[in-house]
Amino acid sequence: MESLFDSINVRDLLSAQDLSDQNSPLSAPDLRLLIDRVESHSLQIRSQVQSYLASHHEDFASLFSLCNDAVSQTLKVSDDLAGVLRLVSEHPADVEVREVVEEMKAKREELKVKRELLGLVGTIVSLNRRLESVKEALKSGKFQFAAQGLKELKVALRIGEEDDREPLVYGLLRTEWSQCFEEIQEVLVKFMEKAVRFDGDLNQIEVKYHLEVQNLSGIPLQIVLEAMEVVGILEYGLAKVADLMIKYVMTPFINRGQPLSFIEKSNQDSAVLEIVSSPDSKLEYLDGELLYSGIVLFIKFIYGSICFQKSSWIRCFGRLTWPRISELIISNFLSKVVPTDASKLPDFQKIVKCTSDFETSLKELMFISSSDDKDNRLSNFAENVEVHFAFKKKTEILAKARNLLLECDFSIPQEYTRDSSNWKNDGTSIVSSSHVVDLLFLSERCLVSKAAKQLMKLVHQTLQDVCLSSARVALEFYHAARDAILLYEVVVPVKYRADFPSSIKEHAVFADLAPRFQLLAEDILQRQVQLVIYNLKEAIDSADGFQNTHQMQQFESAKFSIDQVVFILEKVHIIWEPLLLPSTYRKSMWTVLESVFSRMARDILLLDDIAAEETLQLQRLIHLMLESLSSLFESLATGDPNLHELSVDSREDLIPSLRKIRKLSELLDMPLKSITASWENEELLCCGFTVTEVEDFIKAIFADSPLRKDCLRRIQNTSF
């Protein structure tokens, strides 16, 4: 049968093989021959088909029988389905099923509500029983159990989180809880009042360990404190004890001009702290050691006798008393020993150290916080007093220097002039006077005014005070000595070398060297900056103007140039940052970076023909350079709180060409219309581009076309 379906090749039936040849058209005999051969071929096909059907008669009969059976079964299924549909339409069972389902759903919801109500009732009954057990515990003196019960009930009843949609019974239970809370608070506070008492006749504090209130007796003090902590009223319960200690112990102890001491006595039932006068009544709180040691002894008594060496309790007591104790120490001791003269600063340093050690001891006892700087009240005051003293003295020194310059007469007495007989032929003076001094950097002498001598004496005294002062005060004194010279240059008539012109010799002046050194340093720094810029220029020159970067060799050359630039900048960063002031370092580095980015942007914009692949490579080079300099950008933000969060916009404001190079990277991948729109909305102008640069850039990237001509015309006609 396969041969029946083969295609008939007309060329096989003709004598002429090339049917496409117009020079050899078919003749009439050829056409008749073709018709005869086609008819013969069709007869052969018909004969083969008949033979095939005859030989496969049984197969075709079986196939037709199978099809007939399938049709019969389909008709039977159709009849069965019609019967089911009639049955359903006559008896609608779905309605009954739906009703049963809805009834089951309603019953289930009703059961759920009843279960929830039953659970709520059970919860209410449980809470009520717990409240009753708390009341019984209060009556029997089981304060720990009562306190724990109140704490758990506070969570269960959501105290402080009331909801209007809650059952009314919750409000009643909260009222019961509040009554129990007030009752236990009142009882525990009464116990604390009984626990700590001050005896004015014996001048002592007594702490009882076993307490009795009304019909409750033998209650341990520690149990009372634990119950107050659980309930959350420990600070409230210790408040009256703290007031008692401040009033009868700390205030007399600190206010007294002469030292007091403490004597501690304890047994199983109580502890006593006696306040007695020091055996040596002539002693005073000179360096704070006696005062601080007495307070530490008192706090140790509180720590052991009242707080039972529990850190959370002594910390609570410290929060209640330390602000008042520190204020007493500052007002009655520290403020009275503040030095009025620099010579006494070393003695004051001893007090500062003693104060710091005192606060360290309190931190070890956990009386004050070791992490909260606010608790370092005494140290902060002492250090601030030191700085205020130093600032005040600095102001006084500068005021004296100013007055010296304003009140001094700078005229030179006649005997010291060039025409006087007191001068030798070689130009040196034969008069020995305090006005004649040796030059510091030259082996000659000069005349100085009275103001210069007095100013140098003032500066010398200040520098002597530097040697006697702490680091912070010494720094302020040093600045005062420096500013006395820097801010007020002393102009003094002097005699310099003999080779000066005669018209200048009588008017030559000596000025302090600091501003001159500053100018010299600035000149050296500028030369260093220019040297770095020159080296960077040579590194960029090796990129050959960033031409043909779509070629691998040229791209690698440009990439090596960028790597050299980054290496030079990193080396400069490592050298400059530790040596220069932060502001000077940032200013110098900004200048160097400006030269790099502006040069790179200029070279790219000077390219007259940029291929499509070349734009991608140029963009890649720019991104590579900016990513490599990320750590350098971070160093420029270090040390200045105003630049700590140095954003991209801030960098671009400080380095204008950085904004331009970033925008150039975007332009390399931007459509022509978008570039034109960026020029028209002044975005490119704000980034530092000129109209000529934009036009040349478009001509270099985009081929000549009506669109390019239109965009160039729009750019030329745009006026800002």
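Worth pointing out:
- Two-site label geometry, GLU383 and LEU616: point separation in nm, points 7 Å out along Cα→Cβ: 5.9
- The stretch between GLU152 and SER27, if pulled fully straight at 0.36 nm per residue, gains 33.3 nm over its current Cα-Cα span.
- Added length on full extension, which subtracts the Cα-Cα distance from 0.36 nm per residue, ILE524 to ILE45: 161.5 nm
- Spacing of the two label points (7 Å from each Cα toward its C-beta) at ASN255 and HIS623, in nm: 7.6
- Residue separation of ILE575 and ASP201 scaled by 0.36 nm, minus their Cα-Cα distance, works out to 127.2 nm of gained length.
- Between LYS363 and ALA106, the simple label model (points 7 Å from Cα in the Cβ direction) yields a spacing of 7.4 nm.
- Normalised by residue count, region 532-638 yields a Cα convex hull volume of 85 Å³ per residue.
- Taken one residue at a time, the phi angles of region 376-391 give Karplus couplings (6.51, -1.76, 1.60, θ = phi - 60°) of 7, 5, 6, 5, 4, 5, 4, 5, 5, 4, 4, 5, 4, 4, 5, 5 Hz. Gly and Pro are set to x.
- In order along region 616-623, the phi-based Karplus estimate (6.51 cos²θ - 1.76 cosθ + 1.60, θ = phi - 60°) of 3J(HN,Hα) comes to 5, 5, 5, 4, 4, 5, 5, 4 Hz; Gly and Pro are listed as x.
- Sorting 295-306, 696-707 by their mean Cβ neighbour count within 10 Å, with the most densely packed peptide first, gives 295-306, 696-707.
- The GLU116 and THR175 beta-carbon pair, evaluated with R₀ = 22 Å, returns a calculated FRET efficiency of approximately 0.35.
- For a paramagnetic label modelled on GLU682 (point 7 Å from Cα along Cα→Cβ), amide N atoms under 12 Å away belong, within region 698-720, to 719-720.
- Measuring against 29 Å, Cα to Cα, the residue pairs LYS194/LYS265; LYS142/LYS363; LYS190/LYS247; LYS559/LYS699; LYS393/LYS450; LYS247/LYS344 contain LYS142/LYS363; LYS247/LYS344 as the ones spanning a longer distance.
- A cut-off of 5 Å between modelled amide H atoms, ignoring neighbours fewer than 5 places along the same chain, links SER270 with TYR209.
- Theoretical FRET efficiency, 1/(1+(r/R0)^6), r = Cβ-Cβ of SER62 and ILE35, R0 41 Å, to 0.05: 0.50
- Largest accessible area first, the listed residues ASP375, ASP563, ASP59 line up as ASP59, ASP563, ASP375 when surface is computed with a 1.4 Å probe on the assembled protein chains.
- When each of the peptides 380-387, 572-579 is scored by the mean number of other C-beta atoms lying within 10 Å of its residues, the order from highest to lowest reads 380-387, 572-579.
- Entry note, region 323-379: relative contact order of 36 percent, from Cα contacts under 8 Å with a spacing of 6+ residues.
- Relative contact order (%) - criterion: Cα under 8 Å, at least six apart; region: region 545-636: 51
- The 3J(HN,Hα) values that the Karplus relation (6.51, -1.76, 1.60; θ = phi - 60°) gives for region 323-340 are, in residue order, x, 6, 5, 5, 5, 5, 5, 5, 6, 9, 10, 4, 5, 8, 10, 5, x, 10 Hz. Gly and Pro appear as x.
The values are calculated or read from the model by the stated rules, or taken from the named source; none is laboratory data. What you see is a predicted model; the values in this text were computed from it and never measured. As a convention, Cβ positions derive from the backbone with ideal geometry for all residues, glycine included, and neighbour counts pool all protein chains shown. SASA here: full protein model, heavy atoms, side chains in, ligands and nucleic acids out. Shrake-Rupley method; radii C 1.70, N 1.55, O 1.52, S 1.80 Å.
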